[in-house]
1. Most mobile of VAL124, VAL91, VAL252 per a Gaussian network model of the chain (Cα springs, under 10 Å)?
2. Which is the longest part of the chain that has none of the trypsin sites (Lys or Arg not before Pro) sitting in a DSSP loop with at most 10 other Cβ atoms within 10 Å?
3. Simple spin-label model, 7 Å along Cα-to-Cβ: TYR145 to THR203 in nm?
4. Near the amide H of GLU79, under 5 Å away, which other amide H atoms are found, from residues 5 or more places off or on another chain, if H is placed in the peptide plane?
5. Taking the Cα centroid of the range 170-240 and of the range 81-150, what is the distance between the two, rounded to the nearest whole Å?
6. What's the Kirkwood radius of the range 116-250 in Å, using all Cα pairs?
7. Of the candidates ASP153, ASP326, ASP131, which one comes out as most mobile in a Gaussian network treatment of the chain with C-alpha springs shorter than 10 Å?
8. Considering amide H positions built from the backbone, and no H for Pro or chain starts, which residues 5 or more places from HIS391, or on another chain, come under 5 Å of its amide H?
Amino acid sequence: MKSTISRRRLLQKAAAVGGAALAGPPTQGTAAAAQSARPAVAGRTFRGWVSRGTGAGRTTLQELTLRPIAGRQVVVRTEATNLCYSNASDVLGLPGMFGGPMSQMPLIQGHGGVGVVAAVGPEVRRVQVGDRVCVSGTPQCGHCYQCLRGRADMCQFLGRQGPKDLVPIAEMRDGTAVYANSHIGGLAELMVTFEEWIVPVFTKASAVELGMVCSCVSVAGLGTATSQTLAAVAPGAIAAIVGCGPLGLSAVQGARIAGASKIIAIDPIRARRDLALKVGATDVLDPNVEGEKLVAKVREMCSTPNNRLWSGGRDSGGLLGGSGADFVIEGAGADRAKPRVEAGPDPTGVLPMRQAYEMCAPGGHVITTSLPAGTISFPAVFFAIGGRTHHAGQAGGANPMRDIPRFVAMLDAGQYDAKALATRVVPIERMLDAYEEVVYRTTVTAIMTA
C-alpha cells in the first residue's frame, strides 16, 4: 500500500530540518537539526588541515569523517585552493592570529577554492551535483540590505562567521566536531559551505589556473580594476599599483585588460617587479630606492605632453594640480612575518597606503584592499577638498556571481595569466611548507591541489 504525505506534513518536515537555513547559516543551536537531515555523503572520510590552539604546530593534517548536510549546504570535492597571505598567521600560529574562542575551535582554515559539487542540500538551487564551482571568499545571498543595493561585495553574510554561527561539518577520529573557517575552509579534500558562497563556473581550465583566477586575491585585484562596483579603470587612464603580491599583480592585469595607457607597479621585491612587467606593467618603481620622493616620482611619470589648461591639459602645481595617477590600487598591507627577501619601508603597511592616496590625481580614485596595522593620517585640507575619491575595496568591489564568471572568461580568452602568478604548486601534504614560502615572501603565492 502506497503511503501518502500531506502538504502540511511536508512543510512541517521542511521547517524542522532546514527552516533555520532560510534565515542564514545555522548556529550551534540549530546544528543538531541541520546535521540530521541529509545523509547523502555522510560518513565519507577525507583529509583536512585542522587548526586549534596557539603557536607553531597548531595546524595538523587529520583524517576526518563528513557529517550529514541539510538546507542550502553544498559539498565540494576540492581541486585547488590558494594559500592566502592574510590567512598565514592563523595557519602557522604566528603573532597576529585571531585569538579568543575561535582559536580553540577545530577549524579547517582557508579562503575557499575550486572544485566539483559532490552533494547538495534539499534547498540548493544555484548548482547541482557534478558542477564545477568556485567557493568564493565573499558570499552573495542576493537578499540582504547590501546585495539588494548592488553591493554584493559587502554581503551581510560576511558578518555571520563567529563561533556561534559556524556549523560542525565533520568529525575527527575521537568524535571532536570540526568547523570550516568562514563557512568555506579550503585546506581539505572536501569543502562544505552554503549556497551563498558558491559560484558555478563553466570552463575546461586546469585546476591550478582556475584556482588562481578564482582565489580571493585574484578576484579582489581584478575587481578593483574591472568591476563596475567601485571605480573601474577607464581606457587610456594612468594606473598605479602599490604592492605586487598576487592581488596587486592581478590588478596590474586588470588595468591592462581595461585599457590603461600607463601602468606603474610599485614593490620592494625585484622578482615581483619583474613579474609585473611580464603581466602588463609599463613601468616599475622600488619604494626603497625612491624613498620620500616616491609620490613626486609617480606624479612626474604621470605628466602628459599637454600642460595647457585651455587645451585640456593638466599641470602639477598646487593643492589641485592635475598630475598623478587617475586610478591608484593599493595592495601592500602589513607584514605577517619579516620577509626573507627585500623588505618594504614600513612593515605596518600604513606608509604605502598614505602614499597611494597622495599619488592619486585630483579627481582620481584610490581603491584600498590591504590589511595594514595602525592609524593613518593626512593633512586635513588635503583630505577634505583634495578631490580624491577613496573606495574601501573589500573583495575589490567584486560581485561574485557577476564578476567571477567574467574573470574565468578572461582566463579562457588568454587575457589573464594565472600561471605566472601561481609560482608554487603543492599537493595537500606539502601545504605547510608552501605557506612558509608565502608568509616569508619567497614566492608570489602558492596553490594547493587536493
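The values are calculated or read from the model by the stated rules, or taken from the named source; none is laboratory data. Quantities reported herein were computed from a predicted structural model and do not represent experimental measurements. Cβ sites come from the backbone with ideal geometry, for glycine too, and all protein chains shown count toward neighbours. The protein model used for the area step is the full one, side chains on, heavy atoms only, and it has no ligands, DNA or RNA in it. Shrake-Rupley method; radii C 1.70, N 1.55, O 1.52, S 1.80 Å.
1. Ranking VAL124, VAL91, VAL252 by mean-square fluctuation puts VAL124 first.
2. Between exposed loop sites, the widest span is 309-450.
3. It works out to 3.4 nm between the two label points.
4. VAL114, GLY115, VAL116
5. 8 Å
6. By the Kirkwood definition, the hydrodynamic radius is 16.9 Å.
7. ASP131
8. Under 5 Å from the amide H of HIS391 lie the amide H atoms of VAL366, ILE367, THR368, each far enough along the sequence or on another chain.
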